[in-house]
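All remarks here apply to the structure that follows.
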Amino acid sequence: MFKVKNKFFRQLIDSVKDLIPIFAVIFVFQIFILRQPIPDLGDIAIGTVFVVLGLTLFIQGLEKSLFPIGDNMAYAFAKKGSLFWLMAFAFSLGFGTTVAEPALIAVANEAARIAAEGGMIDLSDAAKTSYALGLRYTVAVSVGFAILLGVLRIIRGWPLHYLIIPGYIGVVVMTFFAPDTIVGIAYDSGGVTTGTVTVPLVTALGVGLASAIQGRNPMTDGFGLIAFASLTPMMFVMLYGILI
């Protein structure tokens, strides 16, 4: 019990240290550049406490839950020896963690609102909901495919750059053919997929799988799945824009 409390306290101190630069920048610009008092100081102080506690609990949750789950499941699937179920798990993990990603939901809803105001789709709620859902599911499918491809790379031992370089060349080529209105959304979609749930689970999956397969190095083979999760949404969303 003492060890748990001591570890939590140390993580709390680390969270404060991580957030100090952010607060320092805000304070310096607010006081010395804008020359304005900090508004609602009491609410900001309470919010700061919540942020520190939230970050501490989140990191503790990663270490005690998400990382072990992804690592253990990858190891179990590798020992089971079923390529089909491993691929199915990889796709489902990528799809499931992405479709519920808060950042993606926010970007999809905002894109639907702007599309409606710009006359690309109807102003009705049904049209905006359909557009946002289509965008979310397109990104989720692309991330599922990305994780599947990344797992296959680990199994086969393919060098990472053999897939990443052609992928980004494909992104650049598709940029010239995709509608201008979708290109920015597509590029942003590659960033919002790497969220608070997707990254820990996918990283643990890659490292666990590379550790379980003989001849694979967790350091060189286990990482890189997140790169695919950022790459494929750009291609899929631009294709979505071309077709829809």
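The trypsin sites (Lys or Arg not before Pro) found in region 6-55 that occupy coil by DSSP, while having at most 12 further C-beta atoms within 10 Å, are ARG35.
With the convex hull drawn around the C-alpha atoms of the chain, the volume per residue stands at 188 Å³. Here the Gaussian network model covers the chain, with springs between Cα atoms less than 10 Å apart; of LEU93, LEU83, LEU148, LEU83 fluctuates the most.
Each of GLY195, LEU57, LEU83 was scored by the projection of its Cα onto the charge dipole of the chain, and the greatest displacement toward the positive side belongs to LEU83; charges sit on the C-beta of Lys, Arg, Asp and Glu.
Among the protein heavy atoms, those of PHE27 account for about 100 Å² of accessible surface (1.4 Å probe, every chain in place). For the chain, adding -39500 (n - 2.57) for each run of n ≥ 4 DSSP H residues and dividing by the number of residues yields -27000 deg cm²/dmol at 222 nm.
Between PHE58 and ILE165, the modelled labels are 3.6 nm apart [label points 7 Å from Cα along Cα→Cβ]. Rounded to the nearest angstrom and listed largest first, the equivalent-ellipsoid semi-axes of region 19-131 from its Cα gyration tensor are 38, 29, 11.
The values are calculated or read from the model by the stated rules, or taken from the named source; none is laboratory data. Small disclaimer: the values here were computed from a predicted structure and weren't measured. No Cβ is skipped: glycine too gets one built from the backbone with ideal geometry, and neighbour counts run over all protein chains shown. Protein only, heavy atoms only, side chains kept; ligands, DNA and RNA dropped before computing areas. Shrake-Rupley method; radii C 1.70, N 1.55, O 1.52, S 1.80 Å.
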